[in-house]
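Values quoted throughout were computed directly from the atomic coordinates according to the rules given, and no laboratory measurement underlies them. All values derive from a computational prediction rather than experimental measurement. Backbone-built Cβ (ideal geometry, glycine too); neighbour counts: all protein chains shown.
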Amino acid sequence: MTAFVDFQNVWLAYNDELLAKQQFAVEDISIQIKKGEFVAIVGPSGCGKSTFMKLTTGLKMPSRGKITIGGEPVTGPLKITGMAFQAPSLLPWRTTVDNVLLPLEIVEPYRSNFKAKRKEYEAKARALLQSVGLGGYEDKYPWQLSGGMQQRASICRALIHEPQMLLLDEPFGALDAFTREELWCALRDLQAEQGFNVILVTHDLREAVFLADTVYVMSKSPGRILARREIELPRPRDLEVTYTPEFTNVVHELRAHIGAMRKPATIKSQVEIAQ
């Protein structure tokens, strides 16, 4: 089966000077992601997670290696992706529904017929907002919404043009624990219903294990893939699963990979001592 996202031995140096010095942000990344798969990328700060996202969207071209998405080589920014970040970045002078509609005003083929189809697009945006619990807030302004509500609207904006892939760069990191878990469930339900690919960059191992089909652990800079872990917890998952031994064991396993990176090289690991 052909992978939907295919990284083949991808290396990236951010400029020619760094390339000449062989100083790479990510090294030798090879990942194959199936159509409709939910992938999480975890690792320490500065490990190259956000660089990986830039490569996946076509905002950066690899210094070495090849990236194919949807069967086509990546040669520039992709239109088949939507993105949401830690800061919702909603425009304060636009209502919630108008913020969600923004991509349709600027991205073809929607831009050309936006005025003619405004009512149709707006109905779609309102339905999407209702699906994430924002019914009744469509005509409010960002300053009238909580942080969690703003982030829900941001995800709707990323999905309004029906992208094949949603890229999320620590989208829930600034939220309180209860709001974060509510948004996990909203994202879980949207992805289950629509079947788009998701690549989630996060520091939160519980978030990664709850949401993802597969979790990749990246090393300290320069970023490499240290481990790949398929999450075999059955779907649909509810929050109760996060209190089970099966869930906790996977979180601890991933934490061990990251913890091993943080140990000084002079200190032998417990495994080495045991041997």
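If you stretched the chain out fully between Lys115 and Ile80, how much longer would it get, using 0.36 nm times the residue separation minus the C-alpha to C-alpha distance?
Values: separation 35, 0.36 × 35 = 12.60 nm, distance 2.22 nm.
Gain on stretching Lys115 to Ile80: 10.4 nm.
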Under 26 Å from Lys115, Cα to Cα: lysines that are on another chain or at least 8 residues apart: Lys79, Lys124, Lys140
Gln23-Thr244 pseudo-label distance in nm [points 7 Å out on the Cα-to-Cβ vector]: 4.7
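Would you calculate, for the chain, the mean residue ellipticity at 222 nm contributed by helices, counting each DSSP H stretch of 4 or more residues as -39,500 (n - 2.57) and dividing by all residues, to the nearest 500?
Working: 9 runs with 100 residues, N = 275.
Value at 222 nm, helices only, nearest 500: -11000 deg cm²/dmol.
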Whole-number percent relative contact order across the chain, with pairs defined as alpha carbons under 8 Å at least 6 apart: 24
Listed residues Gly148, Gly48, Gly259, most fluctuating in the chain (Gaussian network, C-alpha, under 10 Å): Gly259
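Quick check: residue separation of Ala127 and Glu232 times 0.36 nm, minus the Cα distance between them. What number comes out in nm? Mind showing how you got there, number by number?
Numbers: separation 105, 0.36 × 105 = 37.80 nm, distance 3.20 nm.
Difference between extended and current length: 34.6 nm.
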For Gln191, net neighbour charge (Lys/Arg +1, Asp/Glu -1) across residues whose Cβ lies under 11 Å away: -2
Partners for Lys220 among lysines (Cα-Cα distance below 25 Å; same-chain residues under 8 apart left out): Lys21, Lys49, Lys54, Lys60, Lys66, Lys263, Lys268
Alpha-carbon centroids, the stretch 206-230 and the stretch 96-163: separation in whole Å: 31
Charge context of Pro73, other residues only, Cβ under 12 angstrom, K/R +1, D/E -1: -1
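Give me the Kirkwood hydrodynamic radius of the chain, using the inverse of the mean 1/r over all pairs of distinct Cα atoms, in Å to one decimal.
Numbers: mean 1/r = 0.0501 Å⁻¹.
In the chain this quantity evaluates to 19.9 Å.
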Calculated FRET value between Asn9 and Glu105, using beta carbons and R₀ = 30 Å, to 0.05: 0.15
Gain on full stretching of the segment that runs from Lys220 to Lys140 - 0.36 nm per residue minus C-alpha separation: 24.6 nm
